[in-house]
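In what follows, a single structure is set out as structure tokens and then discussed.
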Amino acid sequence: MDESQILAAYEAGERDFSKLELSNANFRGQNFTGASFTGADLRRADFSGATLIEVNFQEANLSEANFRSAVIRDADFSSCELSWANITWANGTGSRFVRAQMQVANFSGANLIDTDFSYSSLRGANLRGTNLRGAKFAGLRTIQDADFSGVKNLDEKTRTYLFAIAEGMHPFTKNVTKETLYQSKGS
């Protein structure tokens, strides 16, 4: 299926787009509420400005995908490949990124209230200016080289845990991970 067929199928009531090859697809500004892209190949797909409420992306390849300013509330990105993904300024409230690979993913400015990052890898991730109220980070694989500058609403227990496992420096901002956790303490 190509982009136009996916959009027509969704409009006709289809919600299951699992395991499809959709790399480089342009879904900018589209509404896929309640859809499933489980196991789909969505490398470099553009979902910027899209509405993706309760969408299931489990085990999808979303490397280099663009979710800038998308509404991804209560979406499931568990066990996804999200390396180099752009999730800036997105509303990801209540979403799950459990066991996701998010190397050098950019979440800057995103609203990530009650988001679950448990057991994921955030190596080199940019979380600058994100709202992390109620976010879960249990059992993280790594936050090496991540940038937490200016994060908002990070509770002290979570900050202490992240500080204990923090190391390295973000590859682009050159900010030291431990220092970014300390600098954002007043936020």
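The values are calculated or read from the model by the stated rules, or taken from the named source; none is laboratory data. Here the structure is a predicted model, which is why all the values come from computation and not from measurement. No Cβ is skipped: glycine too gets one built from the backbone with ideal geometry, and neighbour counts run over all protein chains shown.
Within the range 85-98, residues that are closer than 14 Å to Leu62 by Cα reach partners that are of a type outside the set (D, E, K, R) and not in a loop (DSSP other than H, G, I, E, B) with beta carbons closer than 8 Å, at six or more positions or on different chains, in the pairs Ala85/Asn66; Ala85/Asn106; Asn86/Asn66; Asn86/Asn106; Ile87/Asn106. Count of the range 164-183 residues, restricted to those that are in a loop (DSSP other than H, G, I, E, B) and either under 20 Å from the mean Cα position of the chain (by Cα) or surrounded by 14 or more Cβ atoms within 10 Å (Cβ to Cβ) (or both), is 7. Considering Gly109, Gly124, Gly129, the condition of being part of a loop (DSSP other than H, G, I, E, B) and touching a residue at least 40 places away in the same chain (Cβ under 8 Å) is satisfied by Gly124 alone.
Could you please give the count of residues in the range 122-160 that are among the aliphatic types (A, V, I, L, M) and either over 23 Å from Lys174 (Cα atoms) or in contact with a strand residue (DSSP E or B) (Cβ under 6 Å, 6 or more places away or on another chain) (or both)?
2
Among the residues making up the range 133-187, those that are more than 18 Å from Gln103 (Cα to Cα) and of a type in the set (Gly, Ala, Ser) are Gly134, Ala135, Gly150, Ala164, Ser184, Gly186, Ser187. Note on the range 24-38: residues that are more than 13 Å from Ala70 (Cα to Cα) and buried (at least 16 other Cβ atoms within 10 Å of the Cβ) amount to 5.
I'd like to check something: does the range 69-90 contain any residue that is under 18 Å from Leu122 (Cα atoms), charged (D, E, K, R) and modelled with pLDDT of 95 or more? Scanning the range 69-90 turns up at least one residue that is under 18 Å from Leu122 (Cα atoms), charged (D, E, K, R) and modelled with pLDDT of 95 or more.
Of all the listed residues (Phe77, Phe97, Phe67), the sole one being surrounded by 19 or more Cβ atoms within 10 Å (Cβ to Cβ) and closer than 16 Å to Ala25 by Cβ is Phe67.
Selection of the range 101-155 for residues being crowded, with 24+ Cβ neighbours inside 10 Å, over 10 Å from the mean Cα position of the chain (by Cα), among the β-branched types (Val, Ile, Thr) and closer than 19 Å to Trp89 by Cα yields Thr130, Val151. Among the residues of the range 138-150, those that are assigned to a loop (DSSP other than H, G, I, E, B) and either under 19 Å from Ala85 (Cα atoms) or polar (S, T, N, Q) (or both) comprise Leu140, Arg141, Ile143, Gln144, Asp145, Ala146, Phe148, Ser149.
Among residues of the range 69-81 that are more than 11 Å from Phe117 (Cα to Cα), those with a Cβ under 8 angstrom from a residue that is assigned to a loop (DSSP other than H, G, I, E, B) and acidic (Asp, Glu), sequence gap 6+ or separate chain, pair up as Arg73/Glu54; Asp74/Glu54; Ala75/Glu54; Cys80/Glu59. Taking the range 132-163 as the range and being free of Cβ contacts under 8 Å to residues at least 24 places away in the same chain and charged (D, E, K, R) as the test, the residues that pass are Arg133, Lys136, Arg141, Asp155, Glu156, Lys157. Given the options Ser48, Ser23, name the one that is within 17 Å of the chain's Cα centre (by Cα), closer than 17 Å to Trp84 by Cβ, assigned to a loop (DSSP other than H, G, I, E, B) and among the hydroxyl-bearing types (Ser, Thr, Tyr). Matching residue, one of Ser48, Ser23: Ser48.
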